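Report on the following structure.
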Ligand code: G3H
């Protein structure tokens, strides 16, 4: 299919329609859904629709608030008041009660599935199955988090005695958390920060990413209904105008951000007392695949296509470089290109579509620059139509042979361009990983355990997940999602996130009659939410 025709004469099936040109003017401040009266910005979809004169234009979805410093600080005040130096009702609430609020939120959220899924498709161009998966995975994540917290709490429901000191050790909240999510997983990755932060007793200010923002609006009521006032505050606007003043004020204890290290560095440097700011960051990556001579070729090709092109390569975990042994490079390249040719391009809701429009307006231009730079330095586009662009759609470009002089070797392309390099000695890709600024994951392809074992042993100390004959990925979400170097700070997983958003706190006393009487009295009469041996079932 020619990409010039993929958006032409298409009707949007009724069930995937969203309201157009709507003023999305609601936001959540201090427990109340407010109506925004100030400046707004237009939100366009990467999906082009007919304008009535036979031309196609990016679809105007509507407008969103552009909030500023004053609004950001109001939200921060609300979150600080709800935390109230750790004495607010939310941080001191019994864990079961907080769990009930989160359960209520999950129930209300589930009722908005279709609406949110449609916006995921329209706002960021994610395919229907992937958008549905993102929603369902997020709801599962919430319920898994609840189970994990119950387990954590049960393990803490006891008073220990060691070296004649009694202690009850729990995990306490940190304070106010500023949550900033990414556009590629605007629901899932953001909620993987927000939900553990909340359930551990922190209060939050949350600003959605630069794209994938309207999809949060159907959930405002659920947040307002499920959580006490001030616990969740949701703002819209640019990071510079909203997030910067919040960090600069010093009245925020955690910066939780999935995005890139430049924005993370710029933000964290604004905090007046940097040692007080805990960082929970998922940042960029340049995950390589290393395809060894004794590989199962079809399996390697399949996983490399999935790894490099799921959601058009817009995943932090995407395979962004493919190193292939020189003995098999020809066959690999041929099969890889053939497999890409089978991927269907089109609109997100069309059956079997894998390649879709890109939400970042400047992305096609950026990809073109990467391709031109690589070609000027000796690479070829080895697939027919590679890099062809039609409005917001870019057909994947497979570049070979790529070398260190090219921008695409160093930059996180986060899009449909795939650099392939051949190697003679496996030390070459290892050196590339060692010298890279990133250290998230790697994929190794070989049928031979003797080939793989020594590589595994050297690479586990360079990256945080070594995938064998499998693409790189975050899931399942119970596994640690983490990275070395500029790829992450702190660990996320259902369990690890609860730890990342809390701090160990203990109540301790020397073993004597007075202290034992006090402890017994508190425990027997349920006088404290912290000192308690109650067991959550
Ligand atoms: O963008 C980064 C995401 O965490 C990747 O998650 O591997 O499940 O697509 P995924």
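The values are calculated or read from the model by the stated rules, or taken from the named source; none is laboratory data. Predicted model, so just to flag it, every value in this text is computed and none were measured. With ideal geometry, Cβ positions are generated from the backbone for all residues, glycine too; neighbour counts draw on all protein chains shown.
Values for this structure:
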| read-out | value |
| --- | --- |
| Test: residue in region 404-421 that is in contact with a strand residue (DSSP E or B) (Cβ under 7 Å, 6 or more places away or on another chain), part of a loop (DSSP other than H, G, I, E, B) and more than 22 Å from residue 305 (Cβ to Cβ) | no |
| Residue 220, sole failed condition from (1) farther than 24 Å from residue 119 by Cα; (2) touching a residue at least 40 places away in the same chain (Cβ under 8 Å); (3) in a helix (DSSP H, G or I) | (1) |
| Among (1) touching a helix residue (DSSP H, G or I) at 6+ places or on another chain (Cβ under 7 Å); (2) surrounded by fewer than 24 Cβ atoms within 10 Å (Cβ to Cβ); (3) within 29 Å of residue 171 (Cα to Cα) - the single one residue 203 does not satisfy | (2) |
| Residue 317 within 16 Å of the ligand (Cβ to nearest atom) and modelled with pLDDT of 95 or more | yes |
| Selection within region 187-224 - in contact with a strand residue (DSSP E or B) (Cβ under 8 Å, 6 or more places away or on another chain), within 12 Å of the ligand (Cβ to nearest atom) and modelled with pLDDT of 95 or more | 189, 190, 192, 193 |
| Search result, residues across region 246-263 that are over 14 Å from the mean Cα position of the chain (by Cα) and within 16 Å of the ligand (Cβ to nearest atom) | 263 |
| Residue tally, condition assigned to a loop (DSSP other than H, G, I, E, B) and at pLDDT 95 or above, over region 373-391 | 10 |
| Some residue of region 176-186 being away from the ligand (no atom under 16 Å from the Cβ), surrounded by 20 or more Cβ atoms within 10 Å (Cβ to Cβ), over 15 Å from the mean Cα position of the chain (by Cα) and under 30 Å from residue 247 (Cβ atoms) | yes |
| From 62, 52, residue being at positive phi and not in a loop (DSSP other than H, G, I, E, B) | 62 |
| Selection within region 250-269 - in contact with a helix residue (DSSP H, G or I) (Cβ under 7 Å, 6 or more places away or on another chain) and assigned to a helix (DSSP H, G or I) | 263, 267, 268 |
| Some residue of region 156-173 being in a helix (DSSP H, G or I) and either modelled with pLDDT under 95 or more than 20 Å from the chain's Cα centre (by Cα) (or both) | yes |
| Any chance residue 272 is in contact (Cβ under 8 Å) with a residue 24 or more places away in the chain, surrounded by 21 or more Cβ atoms within 10 Å (Cβ to Cβ) and not in a helix (DSSP H, G or I) | no |
| Given (1) touching a helix residue (DSSP H, G or I) at 6+ places or on another chain (Cβ under 9 Å); (2) within 16 Å of the ligand (Cβ to nearest atom); (3) assigned to a helix (DSSP H, G or I), number of the condition residue 284 does not satisfy | (3) |
| Among residues of region 310-320, those that are out of contact with any helix residue (DSSP H, G or I) (no Cβ under 7 Å at 6 or more places or on another chain) and either assigned to a helix (DSSP H, G or I) or over 19 Å from residue 258 (Cα atoms) (or both), counted | 3 |
| Checking residue 496 against (1) surrounded by fewer than 20 Cβ atoms within 10 Å (Cβ to Cβ); (2) more than 11 Å from the ligand (Cβ to nearest atom); (3) farther than 15 Å from residue 256 by Cα, the condition it does not meet | (3) |
| Residue within region 423-430 that is within 17 Å of residue 304 (Cα to Cα) and either free of Cβ contacts under 8 Å to residues at least 40 places away in the same chain or out of contact with any strand residue (DSSP E or B) (no Cβ under 8 Å at 6 or more places or on another chain) (or both) present | no |
| Boolean, residue 332 is more than 16 Å from the ligand (Cβ to nearest atom), touching a strand residue (DSSP E or B) at 6+ places or on another chain (Cβ under 6 Å) and not in a helix (DSSP H, G or I) | no |
| Qualifying positions in region 476-493 - within 11 Å of the ligand (Cβ to nearest atom) and in contact with a helix residue (DSSP H, G or I) (Cβ under 7 Å, 6 or more places away or on another chain) | 477, 492 |
| Residue match in region 140-148 (condition: touching a helix residue (DSSP H, G or I) at 6+ places or on another chain (Cβ under 9 Å) and under 30 Å from residue 45 (Cα atoms)) | yes |
| Candidate set: region 301-314, residues that are within 11 Å of the ligand (Cβ to nearest atom) and under 17 Å from the mean Cα position of the chain (by Cα); chosen: the one nearest to residue 470 (Cα to Cα) | 307 |
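For (1) surrounded by 14 or more Cβ atoms within 10 Å (Cβ to Cβ); (2) touching a strand residue (DSSP E or B) at 6+ places or on another chain (Cβ under 6 Å); (3) over 19 Å from residue 315 (Cα atoms), each residue gets a yes or a no:
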residue	(1), (2), (3)
442	yes, yes, no
449	no, no, yes
454	no, no, yes
458	yes, no, yes
475	no, no, no
